[in-house]
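Some notes on the structure that comes next.
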Amino acid sequence: MSEKKRIVVALGGNALGSDPQKQLQLVRTTAEAIVDLAMDGYQVVIGHGNGPQVGMINNAMTFSAQKGGETPLMPFAECGAMSQGYIGYHLQQAIGNELKKRGSSIKCATVVTQIVVDRQDPAFQHPTKPVGPIYTEEEGRRLMAESGEAYALDYGRGWRRVVASPMPVRIEELDLIRTLSDAGAIVITIGGGGIPVVEDENGQLHGVSAVIDKDNASARLAIDLNADRLVILTAVEKISLNYKKPDQRDLDELSVTQAQRYIDEGQFPPGSMLPKVKACLKYVSETDNTALVTSLQKAREALAGKTGTVIRK
């Protein structure tokens, strides 16, 4: 590759673990795949989710505060920041070890990243993202009355606090991320979709209780960095129609028009492939580039054009 291309890689939950021990094991495999891309000459910028991790932190802090641990209730934005540092540390360490093993001088850095959201985003009026401990209906309704926070039934589990999932507007640390990437570093950023913050009339930032979808955040990052490609890594090698049905059909390529038609037909499940496809459409629509969806294990082959699903205009 004569000229290095910058790619934003969005890591799915399958690349991380639900507890520290499992995560340490999984990130070694993840690191191998990421370093493969760096050694192929790509400038790699990594975004990742934090669902299990931020839930674990939030649950622990809430339990301690409510059960005599004498710790304060921790705001959700701070829980997100903790998860960014914890996941970033594991990824940074694993990638750094893999780079050393291969004799590479490339460095890896984690940036605790804030993403500005619009305080008028309709999502704040309709919180839908379950977080934190599971309660009975009676407990959930009592906590809602006492705190003024929203609680709802998380089907099949119980009542849980729900927070908003607003759209990302601006990545506060964008210039720093770009500087590190330009210097040749592998950058880990927008962990868990970024720490959601709002800007007041004086330009001051303040954390809010919300969760930004990491695929939307990765699309925003790829657009604002002028990345050559958005790569969303998930559990499957290709996007499929009629997924897990006898007539399942894997797709090599999707146009924006085709993808929108399949969305309207309900082809992509809301909790899994739908946000990934929508994020790709946003990136492709706002750039002249293509997006790629594939699995972590097939990332190198997919970037070489041998597999995966390419989304283009």
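Below are the figures for this structure:
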quantity	calculated
Members of the stretch 211-257 that are farther than 20 Å from Ala304 by Cβ, aliphatic (A, V, I, L, M) and in a helix (DSSP H, G or I)	Ala217, Ala219, Leu221, Ile223, Val256
Scan of the stretch 13-70 for residues that are touching a residue at least 40 places away in the same chain (Cβ under 8 Å), under 19 Å from the mean Cα position of the chain (by Cα) and not in a helix (DSSP H, G or I), ordered by number	Leu16, Gln43, Val44, Val45, Ile46, Gly47, His48, Gly49, Asn50
From Gly96, Gly68, Gly41, Gly47, residue being at positive phi and modelled with pLDDT of 95 or more	Gly41
Neighbours by Cβ (under 7 Å, 6+ apart or cross-chain): first from the stretch 165-192, without any contact (Cβ under 8 Å) to a residue 60 or more places away in the chain; second among the hydroxyl-bearing types (Ser, Thr, Tyr)	Ser165/Thr128; Ile171/Thr113
From Glu173, Glu237, residue being in the same structural domain as Asn59 (by TED's automatic domain parsing), in contact with a helix residue (DSSP H, G or I) (Cβ under 9 Å, 6 or more places away or on another chain) and of a type outside the set (Gly, Ala, Ser)	Glu237
Boolean, Ala81 is assigned to a strand (DSSP E or B), within 30 Å of Glu32 (Cβ to Cβ) and within 23 Å of the chain's Cα centre (by Cα)	no
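The values are calculated or read from the model by the stated rules, or taken from the named source; none is laboratory data. Fair warning: this is a prediction, and the values are worked out from it, not measured in the lab. Reconstructed Cβ throughout: ideal geometry from the backbone, glycine too, with neighbour counts over all protein chains shown.
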